[in-house]
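Below you'll find the structure, written out as structure tokens, and then a few comments.
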Amino acid sequence: MGELHRDWRNDIEGLGNLLAEFIPDYKNLMTSYAAISNAGSANRERLMTRV
């Protein structure tokens, strides 16, 4: 996939959407990563407001 994309600075989201459409496991990975990332952001914001 890296060879096909060639330049990771351009349109990485488009490549991710293409991969997710054809590779269900990749879509599951990205969905779980997004959920964990969002939960981490919410926890960081909550902790910062306590200080």
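The values are calculated or read from the model by the stated rules, or taken from the named source; none is laboratory data. What you see is a predicted model; the values in this text were computed from it and never measured. We work out accessible area using only protein heavy atoms, side chains counted, and drop any ligands, DNA or RNA first. Shrake-Rupley method; radii C 1.70, N 1.55, O 1.52, S 1.80 Å.
Matching residues to (1) open to solvent by less than 90 Å² (accessible area, probe 1.4 Å); (2) of a type outside the set (Asp, Glu); (3) at positive phi; (4) modelled with pLDDT under 85:
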site	(1), (2), (3), (4)
Arg6	no, yes, yes, yes
Gly14	yes, yes, no, yes
Ala20	yes, yes, no, no
Lys27	no, yes, no, no
Met30	yes, yes, no, no
Arg44	no, yes, no, yes
Thr49	no, yes, no, yes
Subject >> Checklist (1) among the hydrophobic types (A, V, I, L, M, F, W, C); (2) at pLDDT below 70; (3) assigned to a helix (DSSP H, G or I) applied to Ala39, failing item >> reply: (2)
